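**Q** Please read through the structure below; I'll follow up with questions.
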Amino acid sequence: MFLIDDLFLNSNWKNFSKEDMQKGFKNLKKLKLIVQNEKNDGSINFLLSEKGKLRALNSKFKLLNYRKKSWDKKWRMVAFDIPNTQRKERRALQYRLKTAGFHELQKSMFIYPYDCEQEIRDFVKLFKIEKYVCFGLLDFIDGRDYLMELFELD
């Protein structure tokens, strides 16, 4: 039994042929974005590789910048103190936060008005920097008027 057959039971996949799906999975494997595991019953599972997880997280961070929904009057703060031995991870986090539209309050403290906790937690877990990163949900922050103007909030 092949997993792709199961996909066609869901109406969302009916626009794709089985051959197109197989080609798509083959290309994802070729790009090393997924790994394939065959189960004892002959079915095949596809899982995101580490590279695939990073690609998916990058997409999620880019989409954060375009998330314009109603504001819940709370601020999301990400603060970190990542050692120089993990400079690459620190730069990666800073880059993702800026890409997502966060505002840098200080060198290692960023603020954002919309829900983003899961994206942050997924990223720090993937990069194994959980002990260096702190996420906060704030009701009040100094300079609120400036930040509201910056993020174009009402």
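**Q** Can you give me the ranges of the strands (runs of 3 or more DSSP E) entirely in the range 64-154 with at least 3 residues that are surrounded by 16 or more Cβ atoms within 10 Å (Cβ to Cβ)?
**A** Of the strands (runs of 3 or more DSSP E) lying wholly inside the range 64-154, those with at least 3 residues that are surrounded by 16 or more Cβ atoms within 10 Å (Cβ to Cβ) span 75-80, 109-112.
**Q** Assess whether Asn58 counts as being more than 20 Å from Leu137 (Cα to Cα) and in the same structural domain as Leu138 (by TED's automatic domain parsing).
**A** Considered against the rule, which asks whether it is more than 20 Å from Leu137 (Cα to Cα) and in the same structural domain as Leu138 (by TED's automatic domain parsing), Asn58 comes out as yes.
**Q** Another question, if that's okay. Report, ordered by the first and then the second residue, all pairs with beta carbons closer than 9 Å, sequence separation of six or more or different chains, a first member in the range 7-22 that is in a helix (DSSP H, G or I), and a second member that is of a type in the set (A, V, I, L, M) and modelled with pLDDT of 50 or more.
**A** Every condition considered, the pairs that remain are Leu7/Met21; Trp13/Met21.
**Q** Okay, moving on. Being more than 28 Å from Arg55 (Cβ to Cβ) and assigned by TED's automatic domain parsing to the domain that holds Arg76 is true for just one of Asp122, Asp115, Asp139. Which residue is that?
**A** Going through Asp122, Asp115, Asp139 in turn, just one is more than 28 Å from Arg55 (Cβ to Cβ) and assigned by TED's automatic domain parsing to the domain that holds Arg76: Asp139.
**Q** Can you pull out the residues in the range 32-54 that are assigned to a helix (DSSP H, G or I) and surrounded by 14 or more Cβ atoms within 10 Å (Cβ to Cβ)?
**A** The answer is Gly52, Lys53, Leu54.
**Q** Scanning the range 30-87 for residues that are of a type in the set (Asp, Glu) and touching a residue at least 12 places away in the same chain (Cβ under 8 Å), which turns out farthest from Asp122 (Cα to Cα)?
**A** Among them, the one singled out is Asp41.
**Q** When you go through Phe102, Phe110 one by one, which is the residue that is under 15 Å from the mean Cα position of the chain (by Cα) and either over 14 Å from Lys74 (Cβ atoms) or not charged (D, E, K, R) (or both)?
**A** Answer to the check: Phe102.
**Q** Scan the range 32-49 and tell me whether some residue there is within 23 Å of Leu138 (Cα to Cα) and either modelled with pLDDT under 80 or under 23 Å from the mean Cα position of the chain (by Cα) (or both).
**A** No, the range 32-49 has no match at all.
The values are calculated or read from the model by the stated rules, or taken from the named source; none is laboratory data. Quick caveat: nothing in here was measured; it's all calculated off a predicted structure. Please note: Cβ atoms are built from the backbone with ideal geometry, for glycine as well, and neighbour counts cover all protein chains shown.
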